[in-house]
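Notes for the one structure printed next.
The values are calculated or read from the model by the stated rules, or taken from the named source; none is laboratory data. As the structure is a prediction and not an experimental result, all values here were calculated from the model. Neighbour counts run over all protein chains shown; Cβ positions are idealised from the backbone, glycine included.
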Amino acid sequence: MKNLEKSSEPARETHTERNLGLLQDTWVAAKNAVLELILPPVCRLCNAPVRGDDDFCPVCDTALEMSASAMASACRRCGSPQSIVVNRSAPAESVVECQNCRSHSHEFDAVIALWSYNGRVCDAVVAAKYVHNAPLADAMGRRLGQRAAAYFAGSAVPDCVTYVPSHLTRQMTRGGNAIVSVAQSVAKSLNRPSRGLLKLNRAIAKQAWLDDEARQKNVHGAFSVRKSYASPRSPQIANRHILVVDDVLTTGATADAVAGALKQAGAAKVTWAVTARAVRGH
Ligand SMILES: [Zn+2]
Ligand SMILES: [Zn+2]
């Protein structure tokens, strides 16, 4: 039980908590704006000096771009950057799926992954969880937004953007919930609303510490649609295409649990957008 969060209270966001969160976000944004005015610009990942509005120094930028280009041939279904892909049908919009997706079904319909979870990307993803690294989370949100906008160019854009909820205890440890601002950036890029559609029903252990089977058990039934969106056939969810934003996707257990909850509430399609795609054993 060591891995479990301390509190077993349901993660229900109250009005006061929401206001405190907004106040905290505003304070952090104001502080960062002042710091950017008085300090020379630095890389949002390694603090090396950068030119003008650049988010990253040339070394970090090159590493991130290499990771992004490695994802170009990722499985269209699960986002896995595996080299063995199978082109299943002839049309231009044909789904290119990995071997694993051919034999396993998922509740989610597709994964858009910005980077492969290796090297410098791991540092970036872990650092961005903490509120003092809000500028890094902003930069990641903008890049994931650009990636999502390119992905949906010429096709139907999702109706709404949401994010995977985390437990309040974990948010307090990190000083905030960075994934909310990443989701907002993605929503802005797609010109769609960002809504907190989901809630955690109970505390869950960190998925990274569990094996594949334990991951599924850990998140089974852990997510549901918030009460305000759970009314029968909520117009925000029923027959809608929902884009869920998260930081890392590994086995897809969380993605399946969340997508299952959204589909139970009537969602027509659930696409996943993650900053990084990890592969077990890599
Ligand atoms: Zn750097
Ligand atoms: Zn796949």
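Details
- Taken over the stretch 28-72, residues that are farther than 19 Å from residue 119 by Cβ and either modelled with pLDDT of 80 or more or β-branched (Val, Ile, Thr) (or both) amount to 12.
- Residue identified as out of contact with any Pro (no Cβ under 9 Å at 6 or more places or on another chain) and either modelled with pLDDT of 90 or more or surrounded by 20 or more Cβ atoms within 10 Å (Cβ to Cβ) (or both) among 146, 99: 146
- Among the residues of the stretch 11-24, not a single one is at pLDDT 80 or above, more than 16 Å from ligand 1 (Cβ to nearest atom), of a type outside the set (Asp, Glu) and loosely packed, with under 14 Cβ neighbours inside 10 Å.
- Leading residue by the ranking (nearest to the chain's Cα centre (by Cα)) among those in the stretch 46-78 that are hydroxyl-bearing (Ser, Thr, Tyr) and surrounded by 12 or more Cβ atoms within 10 Å (Cβ to Cβ): 67
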